[in-house]
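The values are calculated or read from the model by the stated rules, or taken from the named source; none is laboratory data. Because the structure is predicted, anything quoted here is derived from the model rather than measured. Using ideal geometry, Cβ is built from the backbone for each residue, glycine included, and neighbour counts are taken over all protein chains shown. With ligands, DNA and RNA removed, areas are computed over all heavy atoms of the protein, side chains included. Shrake-Rupley method; radii C 1.70, N 1.55, O 1.52, S 1.80 Å.
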Amino acid sequence: MRHSEKKLEELIEKLMFLRDIPGLAVAVGEGEEVLYAKGFGVKNVDTGEPVEPETIFHMASVTKLFVGTSLMQLRERKGIDLHKPVVEYLPYFRLKDERYKKITLFQLLSHFSGMPDCEDYGWDKPAFDDQALERYVKGLGDLTLLWEPGERFSYSNPAYEVLGDVIAKLSGESFEDYVQNYILKPLKMENSTLLTAQRKDRERMASPHVKDKQNRIIVSEIYPYNREHAPSSTLTSNVLDMVRWGAANLNRGELEGNRILDASSYELMWSPVGDINEREKIGISWFLKNHREYQIMGHEGNDIGFRSSFSIMPEKNLSVTVVANIQTATTKKIMHMVYDWVLGFEPQI
């Protein structure tokens, strides 16, 4: 027996108050059916416009799931070998550490490459040109590996920028155009794009928020967009489109007659590559863990002004998306509350 929506919404609003979250959107999908979708709070604290399910949010690292899917498509269509060294597909890829020659696509996809994370995303000095991603990858030559490739997990955004450049070079189009043409368009995710600067519907976009020195919530002067970091970060979407994304993955690559991946590719993507901690494992771009007795897989995201949580629960044919327009939002906690509510447990903070 599912508890009332009113109880769930009261808890969400309480959490928003406790954590100073200006705006939030939530959606639950059962397959391609939208079971629940609602906006809370405001898109922008200055204008006071309300968040709606249609409101566009920066999805941050949820973008990485689209990188993993793109590489699996190229594996199916072009026969690329994920276990071959990156340099075979991207000859100019090099790091300061000579062990870079051993790094494989598979290790980049599972964060087992040994590459460090990014320290400065350049959100305050974004690049908008088609060459931005290649230029960024060519500029990684000063990086040293944390340890031997394949040794252990370490989350790396630069690893995904490299993968995005591989996708661009193998497909002959920009990384963003590839994702648009081979994932977003076939799935009719019409509210989604990686080329956020080119959006025509800016009035629908949630603004990023930060806290000032007086701890007040203000609109951020910086929007997290830079084509150097498109593969790790720049998808903008809404929770309704993310139900479609969830449905395509729950259906093992197919939605409304359009297939983006062979069903067999999911066995590989969702097979654990290694442990992140006691509760969580990593597959190919997907993080794997449990909620109660059910397995869920998905991705978190956070960049300046935004936080996002997306996951699917295949055993129950469910997807949950929670997005917020401040980086300190507890979207993961809300995601688990929403799962409890859908499964018939009493949601609790």
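Which value, in Å², gives the accessible area per residue of segment 246-349 when a 1.4 Å probe is used on the protein heavy atoms?
Normalised by residue count, the accessible surface of segment 246-349 is 37 Å².
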In Å, the Kirkwood hydrodynamic radius of segment 1-146 over pairs of distinct alpha carbons? 19.5 Å
Distance cut-off 20 Å, percentage of C-alpha pairs in segment 67-149 lying past it: 40 percent
Using the alpha carbon gyration tensor of segment 232-273, what are the three equivalent-ellipsoid semi-axes (square root of 5 times each eigenvalue), largest first, in whole Å? 20, 16, 8
Starting from the Cα-Cα distance between residue 131 and residue 19, subtract it from 0.36 nm times their residue separation and give me the gain in nm to one decimal. 36.4 nm
Selection from 230, 342, 284 lying farthest towards where the dipole of the chain points positive, charges on Cβ: 284
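Report, as a whole number in µm² per second, the diffusion coefficient that Stokes-Einstein gives for segment 252-334 at 4 °C and 1.567 mPa s using the Kirkwood radius over alpha carbon pairs.
Diffusion coefficient, whole number: 92 µm²/s.
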If you put +1 on each Lys and Arg Cβ and -1 on each Asp and Glu Cβ, how big is the dipole of segment 43-171 around its Cα centre, in Debye rounded to 20? 720 debye
Find, to one decimal place in angstroms, the Kirkwood hydrodynamic radius of segment 129-168, where the mean of 1/r is taken over every pair of different Cα atoms and then inverted. 11.4 Å
Can you give me the orientation-averaged projected area of the convex hull built on the Cα atoms of segment 160-235, in nm²? 6.3 nm²
Taking the square root of 5λ for each eigenvalue of the C-alpha gyration tensor of segment 286-349, the equivalent ellipsoid has semi-axes, largest first and in whole angstrom, of 21, 14, 8
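P(r) tail for segment 96-248, what percent of Cα pairs lie past 23 Å?
Summing the P(r) of segment 96-248 above 23 Å gives 46 percent of all pairs.
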For the chain, Rg(Cα) over 2.2 N^0.38 Å is 0.95
Can you give me the % of accessible surface on the chain that is carbon or sulfur? Probe 1.4 Å, all protein chains present, nothing else counted. 46 percent
A convex hull over the alpha carbons of segment 45-88 yields, per residue, a volume in Å³ of 122 Å³
Give me the 1.4 Å probe accessible area per residue for segment 61-193, excluding ligands and nucleic acids, in Å². 41 Å²
Members of 101/138; 43/332; 64/211 lying beyond 22 Å, as alpha-carbon distances in this model show: 64/211
Distance histogram for segment 200-349 (every C-alpha pair counted, 5 angstrom bins, percent rounded to whole numbers): 2, 8, 15, 19, 19, 16, 12, 6, 2, 1, 0
Value of Rg to Rh for segment 219-288 (Rh from inverse mean 1/r over Cα pairs, i.e. Kirkwood): 1.06
How big is the charge dipole of the chain about its Cα centre, in debye rounded to the nearest 20, if each Lys and Arg gets +1 on its Cβ and each Asp and Glu gets -1 on its Cβ? 240 debye
Any chance you could give the angle, 0 to 90 degrees and rounded to 10, that helix 64-78 forms with the longest Cα principal axis of the chain? 50 degrees
Candidates 265, 192, 237, ranked by Gaussian network fluctuation over the chain, Cα under 10 Å, top entry: 265
